[in-house]
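The values are calculated or read from the model by the stated rules, or taken from the named source; none is laboratory data. This structure is a prediction, so every number in the text was calculated from the model and none was measured. So basically every Cβ, Gly included, is an ideal-geometry build from the backbone, and we count neighbours across all protein chains shown.
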Amino acid sequence: MSQTGNVLVIGAGIAGMKASLMLAGASNKVYLVEKLPIIGGKVIKNEESFPNLECSTCMVAPIQQDVLQNPNIETLTYSIVEKIEGKLGDFSVVIRKKARYVSLTDCIGCGMCYEPCPVSLKNEWEENLIDRKAIYVPCSGSLPNVPVIDSEHCLKLNGKEECNLCVESCAFEAINLDDSDEVMEIKVGAVILAAGSSTFDLSSLPNLGYSTLPGVYAPMEFERLFASNGPTLGEITLRESEKIPESVAVIHCAGRKEQKYCSAVCCMYSFKFARFLKHKIPSASVFNIYSDVCVPGKNYQSFYKSVEGTDTEMLYTSSIDEVQVSENGPGLKVTYSDASGSMTELNVDMVILAAALVPDDDAAELAEIAGVDLDSRGFIATVQDGSGSMETSREGVFVAGTAEGPKDIQNSVIQAESAAGQVMDIVTAEVSGS
Amino acid sequence: MEDKAGVEFVPSIVGFLCNWCTYAAADLAGSSKFALPPSFTVIRVMCSSRIDHNLLLSTYFKGADGILVAGCHPGDCHYGEGNYYARRRFALLKKVMETLNLDPERLQLSWVSASEGKRYAEVVGEFTEKIKELGPNPIKNSTRF
Amino acid sequence: MKEFEMREAGQDKNLRAKVGVYICECGPNIAGKVDLDKIIADLSQLDDYQDVELVVKKYGFLCSGPGKEFLEEEIRSNGYTHLVVGACSPRDHDSTFMGVCKKTDLNPYLYRIINIREHCTWVIDDKEKATEKAFSYIRGGISRVLRQSELFEKPLDINPDVLVIGGGIAGMEAALSLSGEDRRVFLVEKTDHLGGISLDLSGLLPGQGEIIKNKIDSVTEDKNIRLFLNTSVETVIGFLGNFEIELVSIENAETTDIMAGAIVVATGSSLFDPGESAHLSYSESDEVYTSLSVEKMFSGEGEARLRSGKKPSSVALIHCVGREEKNYCSGICCSYMMKLAGFFRNQSPDIQVTEFYRDLCLPQKDDQERYTEAEAAGVEFVRIKDISIKGTEVSFEKMNSKKSEQSFDMVVLAPAIVPSADTEELADLLTVPLDESGFFQEVHKMTNPVGTSTDGVFIVGTAHGPKGVSDSMQFARASAGQILTRLIPGEKLIPEVKVTEILEAYCTGCGNCLDVCVYGAIYSDDSRGISVVNEAVCRGCGNCYGSCPSGALRTKHFTNTQLYREVDEALR
Ligand SMILES: Cc1cc2nc3c(=O)[nH]c(=O)nc-3n(C[C@H](O)[C@H](O)[C@H](O)COP(=O)(O)OP(=O)(O)OC[C@H]3O[C@@H](n4cnc5c(N)ncnc54)[C@H](O)[C@@H]3O)c2cc1C
Ligand SMILES: Cc1cc2nc3c(=O)[nH]c(=O)nc-3n(C[C@H](O)[C@H](O)[C@H](O)COP(=O)(O)OP(=O)(O)OC[C@H]3O[C@@H](n4cnc5c(N)ncnc54)[C@H](O)[C@@H]3O)c2cc1C
Ligand code: SF4
Ligand code: SF4
Ligand code: SF4
Ligand code: SF4
Ligand code: FES
């Protein structure tokens, strides 16, 4: 009688979490697979999200807690899907749960094990702005709040030394260096791909100086720099010089021409950055160098209008692709062509590049495993029947969020709920049809 | 601050924290092991708007030297607009406090979001310092109305 | 057998209570930072509570599997009337220990977790002070728990049927996603036909071809959708799971009463009146059209002709009409204007098409390619700072401040998408607020864009805000998802337990509380002259509490009596 099924959701960002909760609410059993040791996706990297500049943690943490505590959701962190065979209503899925070396049930997240670990390397989750140990959680406030051991760098696990320091420091016997990968096989009726997206590789644009000039930042780096649980505890200081920037240029549309689409969120996050900067450094001058302002929908333009002229000066360029960033003493020089086409120079301490949202590095691999088509840009393609259906080229496999294309949180959530709605609709149809 | 006898004044401070933002920030301060004054007691409520005048005044009569009410940033309230109401009620209460000979500075409303563990520790630390300056609550243990 | 049959504990001093107090060592995190044995000894000797027996114990790791089993067994064998757990944050493990209680006879609201880890042992270094503090917190917990009352879930019967208002593409998609053997949909449309504004569109964006027609057919054939054409909604009362609705026929004023568990609002939008824009002499010339009337020409005749009957040989497409006045960007106009440019070029390949725009807003992933194609095909794009028209004479200022004038055969305006005419009236009827742009306001812009503050009322399509057909349909399916997951035929709904109640004896009926509740959970009972909380709607925020001048409100599980106990212990 009960119309339920098992559903696999891949990716525990806002889209994957919302879809899982909706499905679980209707008593479907959900397997939520996340490749990182923590759930939450990109949104938890932002201190505040546009358009209201709402605290992202406050907004997302209750959702993360709901996911972790929901009896119908089995959250498999630090795991990857290796195989999806079968058809709608009857998929067999192989999942590899990577060895975490720390027990999710025994660890209480006290953090006593980090200190003794002698290994130190860059924390990728923090955009390499700070170091971490071989045993670590990506950031404070991680959920689940249980560390993982990076087996590649752990001295014991990579065979370099007989280290056992973390094990000795853990009062809960939560660490097991003999842990190994676990492969599990499950049956599901439908799949939702919510593996998110990445940002454009800025080092491929030499004119903008990213990765050669330390004062040039990628947008996620800036998000972490601003975050009060981030590497600088929210202080905006420049790398290397550790100086507080007095002038900042945000350059729009980095990678738009190369990707052949507008990412729809970069203007908004650029304006958000202007507000952040003025909030923390009231004396700073902030410039947005742009060619189009894309603020679609009823909620966005009023935010833009509230920063324009107050938090940032808007500098129009007739050619956003030809902006140059170069070294200028200790600072930076931005050269661009203004409205009349003449070259103009601007000296600043810091540059932030508004990078396009692009398919995740392993999107193609995921598409192959899931047996679905990609679109011409490398995002996961939907059936394109004009209805905005979230179904992919493979029946029973759906996509949601930025895995399908660039979008904001609102539209990611809409797609997640829409995909979950479609899944429930077919589950109902299957049951009443049979 | 020391009183005449040279004994350090340890203020009793109560913090009413909203479940969704500031309570979470307090947890983050805890798991980040930021030091906090032992004289500060956390009481959890679902939303800053739950705090009414009776509760606050009684808390002063019962002897609190200071009260911190903290919730989500304006616009972020889990229930939409609760914190706006809290703010309005506060403005009024501060007036009432004056008539009771209670320094309105003994009441503080702060917005602390869930990721602001460090700020939470700062807010609590600074408020505690301020109350130390102000000294003991003059209406402590006076009968209620 | 339970030894202590004591409910509403602590309120009647003659009854005995037996409180179990369990302190988690949390390895060194608690045990290493405080003197647990001293705390246990001191607690055991407390004589503050008359006729209350305290049992105080510690345990290594309470949230572990064996820990939970231990606790369960302890509750059973000791027959506790109340339970206090001194451990970590309720955000981590409140639900864990409530779950343990639920396995026993102990009502989970007679238990309390005390956060002595995050708020004490992790933040206070001095062991003596931390011990004192932990003791004080736990004592507060004991005092409070004795004032707590049993609370019970009150499952509600629900009606799974759904009312959809508006028969445009969004409303039809919502109806089709929801209708089924065990769920009827009432689809109410005020005109005499389905399809909404999309019917007038000349071929939608690529891929959207037959979609409107197909949906109209499916809706008409669906025996689980009851269609009411020429009908409007007259009254609505109720809440998620149980709405009573009165429909009225626009033709003959006949009324129909229906019941539904949820309401989907899909009443669409209309267009900004270009006459309101100071720069445009919209009504002065016959050859100035709105985008929608040109869409109609292409979809009707298949061609866009001037009033003279001739095909235009030059056309100006003017973007962003009303954007400044409305202070939002509709997000779809740039894209459909490029579609129209394509239609004009198809009908006369030599036509001169010029698009005057302020910003190119191309948020869908295909939009930019369409722009590149249009540009390559010879459509001229002119970015302007300012523009005015007089008849078909267009005066504009480019970004480089150069001013020019140009005359066209035809001028087409892209007016902003604005709320539809009935929006305000419907908002009143449904008690849903409008946002600053006049559209229905979502309950949360990011995490719940289809929900409204009236739980059970959802907004989809352009009734929510400007958007295209695909997005409108996604919103519709998202609302369907929310309804499918909450109104399950044959199952009951479990509303929030920690709600607020109004004590009749104290309430003067002043109505203050009514005004502050964002969820509309309070209504006035005129016959008794008091206000009443609908517990099925209340979320327990407690905002009303502070608004009541008579102290008539009680927020369950967060009563002042309960909070005072915590305050008392904190200030000892
Ligand atoms: C700098 C920046 C600032 C932004 N600011 C805002 C803002 O203020 N407001 C706003 O509305 N939007 C903002 N956005 C957009 C917002 O980040 C996205 O809309 C949102 O994160 C999309 O959520 P998602 O769930 O689709 O993807 P993600 O958040 O990327 O989550 C995807 C999840 O899937 C996991 N995953 C990936 N591959 C796999 C795999 N193969 N197997 C298992 N798991 C996998 C990832 O680890 C991740 O946890 C911003 C974007 C950027 C780049
Ligand atoms: C000129 C123009 C061109 C466009 N081109 C495209 C395009 O190429 N591609 C694209 O994807 N999108 C396009 N759009 C957008 C598209 O039209 C909308 O996304 C879509 O029509 C929204 O559908 P809806 O169901 O939300 O609203 P509507 O289509 O407006 O339908 C609303 C329905 O509700 C009914 N209604 C209203 N009030 C009440 C009431 N009180 N009681 C009962 N019924 C009521 C109305 O009669 C109507 O039938 C275009 C829009 C315009 C203006
Ligand atoms: S592994 Fe052990 S020491 Fe490390 S955080 Fe978990 S419980 Fe603490
Ligand atoms: S065993 Fe590995 S993870 Fe543990 S302390 Fe040593 S190097 Fe670090
Ligand atoms: S507690 Fe909140 S939701 Fe409930 S009636 Fe009062 S104001 Fe409304
Ligand atoms: S505010 Fe108090 S007295 Fe007035 S109607 Fe509400 S409950 Fe009754
Ligand atoms: S929920 Fe935090 S202030 Fe209302």
Pairs with Cβ under 7 Å, 6+ apart, first in region A:407-429 and within 21 Å of A:ARG394 (Cβ to Cβ), second part of a helix (DSSP H, G or I) and within 16 Å of ligand 7 (Cβ to nearest atom): none
Out of B:SER32, B:SER58, B:SER48, sole residue that is away from ligand 7 (no atom under 16 Å from the Cβ), touching a residue at least 60 places away in the same chain (Cβ under 8 Å) and under 20 Å from C:HIS557 (Cβ atoms): B:SER58
So A:GLU152, is it within 15 Å of ligand 3 (Cβ to nearest atom) and farther than 27 Å from A:THR237 by Cβ: no
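How many residues does region A:130-149 contain that are in contact (Cβ under 8 Å) with a residue 60 or more places away in the chain, away from ligand 4 (no atom under 16 Å from the Cβ) and either assigned by TED's automatic domain parsing to the domain that holds A:GLU221 or over 17 Å from the mean Cα position of the chain (by Cα) (or both)?
Here the count works out to 1.
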Residues located in region A:97-124, provided they are over 23 Å from the mean Cα position of the chain (by Cα) and not in a loop (DSSP other than H, G, I, E, B): A:VAL102
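Can you report the number of residues in region A:19-66 which are closer than 20 Å to C:ILE494 by Cα and crowded, with 23+ Cβ neighbours inside 10 Å?
Taking region A:19-66 first, the residues closer than 20 Å to C:ILE494 by Cα are A:20-29, A:62-63, A:65-66.
Going one step further and asking which of them are crowded, with 23+ Cβ neighbours inside 10 Å, we end up with A:20, A:22-24, A:26, A:28.
Here the count works out to 6.
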Enumeration of residues in region C:413-467 that are within 30 Å of C:THR354 (Cβ to Cβ) and part of a helix (DSSP H, G or I): C:THR462
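If we only count strands (runs of 3 or more DSSP E) wholly inside region C:158-273, which ones have 3 or more residues that are on the phi < 0 side of the Ramachandran plot, surrounded by fewer than 18 Cβ atoms within 10 Å (Cβ to Cβ) and more than 14 Å from every other protein chain (Cβ to nearest Cβ)?
Details: elements: C:162-165, C:185-188, C:225-228, C:231-239, C:242-249, C:255-260, C:262-265, C:269-271.
Strands (runs of 3 or more DSSP E) meeting the threshold: C:231-239, C:242-249, C:255-260.
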Count of residues meeting criterion [crowded, with 22+ Cβ neighbours inside 10 Å, more than 28 Å from A:SER263 (Cβ to Cβ) and within 32 Å of the chain's Cα centre (by Cα)] in region C:280-335: 0
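Could you pull out the residue among A:GLU115, A:GLU173, A:GLU161 that is farther than 29 Å from A:ILE95 by Cα, more than 16 Å from ligand 6 (Cβ to nearest atom) and within 14 Å of another protein chain (Cβ to nearest Cβ)?
Checking each option against the conditions leaves just A:GLU115.
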Hits in region C:23-44 (condition: within 45 Å of the chain's Cα centre (by Cα) and more than 14 Å from every other protein chain (Cβ to nearest Cβ)): C:ILE23
Residues that are charged (D, E, K, R), at pLDDT 95 or above and either under 22 Å from the mean Cα position of the chain (by Cα) or more than 14 Å from C:ARG477 (Cα to Cα) (or both), drawn from region A:378-394: A:ARG394
Failed item, numbered, when B:ARG106 is tested on (1) away from chain C (no Cβ under 13 Å); (2) crowded, with 20+ Cβ neighbours inside 10 Å; (3) over 14 Å from the mean Cα position of the chain (by Cα): (3)
Selection from region A:12-49 of residues that are within 12 Å of chain B (Cβ to nearest Cβ) and outside any helix (DSSP H, G or I): A:GLY40, A:ASN46, A:GLU47, A:GLU48, A:SER49
Any hit, region A:125-142, residues being more than 14 Å from ligand 3 (Cβ to nearest atom), part of a loop (DSSP other than H, G, I, E, B) and farther than 14 Å from A:GLY230 by Cα: no
Residue among C:TYR523, C:TYR519 that alone is within 16 Å of ligand 6 (Cβ to nearest atom), crowded, with 17+ Cβ neighbours inside 10 Å, within 29 Å of C:VAL162 (Cβ to Cβ) and not assigned by TED's automatic domain parsing to the domain that holds C:GLY180: C:TYR519
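Filter region A:166-198 for residues that are within 30 Å of A:GLN422 (Cα to Cα) and either surrounded by fewer than 21 Cβ atoms within 10 Å (Cβ to Cβ) or within 16 Å of ligand 4 (Cβ to nearest atom) (or both) and give the result. Quick ask: steps written out before the conclusion?
Taking region A:166-198 as the starting set, the residues that turn out to be within 30 Å of A:GLN422 (Cα to Cα) are A:183-198.
Answer for region A:166-198, where residues must be within 30 Å of A:GLN422 (Cα to Cα) and either surrounded by fewer than 21 Cβ atoms within 10 Å (Cβ to Cβ) or within 16 Å of ligand 4 (Cβ to nearest atom) (or both): A:VAL183, A:MET184, A:GLU185, A:ILE186, A:LYS187, A:SER198.
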Top-ranked residue of region A:257-316 - restricted to ones that are assigned to a loop (DSSP other than H, G, I, E, B) and of a type in the set (Asp, Glu), ranked as nearest to the other protein chains (Cβ to nearest Cβ): A:ASP292
Members of region C:458-485 found to be out of contact with any Leu (no Cβ under 6 Å at 6 or more places or on another chain), facing another protein chain (nearest Cβ under 7 Å) and either hydroxyl-bearing (Ser, Thr, Tyr) or closer than 24 Å to C:ASN159 by Cα (or both), listed by number: C:SER470, C:PHE475, C:ARG477, C:ALA478, C:GLY481, C:GLN482, C:LEU484, C:THR485
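Matching residues to (1) more than 16 Å from ligand 1 (Cβ to nearest atom); (2) not basic (Lys, Arg):
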position	(1), (2)
A:CYS139	no, yes
A:VAL148	no, yes
A:LYS160	yes, no
A:ASN176	yes, yes
A:MET184	no, yes
A:THR199	no, yes
A:ASN207	yes, yes
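Please find, among C:CYS507, C:CYS513, C:CYS544, the residue that is more than 7 Å from every other protein chain (Cβ to nearest Cβ), more than 30 Å from C:ALA174 (Cα to Cα) and more than 9 Å from ligand 5 (Cβ to nearest atom).
Values: C:CYS513 fails: more than 9 Å from ligand 5 (Cβ to nearest atom); C:CYS544 fails: more than 9 Å from ligand 5 (Cβ to nearest atom).
Criteria check complete, one pass: C:CYS507.
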Residue in region A:65-85 that is assigned to a loop (DSSP other than H, G, I, E, B), within 30 Å of A:CYS154 (Cβ to Cβ) and away from ligand 4 (no atom under 16 Å from the Cβ) present: yes
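Each row is one residue, and each column tells you yes or no for (1) over 26 Å from B:GLY117 (Cβ atoms); (2) modelled with pLDDT under 90.
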| site | (1), (2) |
| --- | --- |
| A:LYS45 | no, no |
| A:PHE50 | no, no |
| A:SER56 | no, no |
| A:PRO62 | no, yes |
| A:VAL67 | no, no |
| A:ILE73 | yes, no |
| A:SER79 | yes, no |
| A:GLY86 | yes, no |
Within region C:45-63, considering residues that are within 19 Å of C:PHE97 (Cα to Cα) and outside any strand (DSSP E or B), the one farthest from the chain's Cα centre (by Cα): C:GLY60
One residue from C:MET399, C:MET446 being within 30 Å of A:PRO406 (Cβ to Cβ), touching a helix residue (DSSP H, G or I) at 6+ places or on another chain (Cβ under 6 Å), within 14 Å of chain A (Cβ to nearest Cβ) and surrounded by 17 or more Cβ atoms within 10 Å (Cβ to Cβ): C:MET446
Odd one out for C:SER550, checked against (1) within 14 Å of chain B (Cβ to nearest Cβ); (2) away from ligand 7 (no atom under 16 Å from the Cβ); (3) touching a residue at least 12 places away in the same chain (Cβ under 8 Å); (4) crowded, with 16+ Cβ neighbours inside 10 Å: (4)
Qualifying strands (runs of 3 or more DSSP E) (wholly inside region B:1-89; at least 3 residues being more than 10 Å from every other protein chain (Cβ to nearest Cβ)): B:66-71
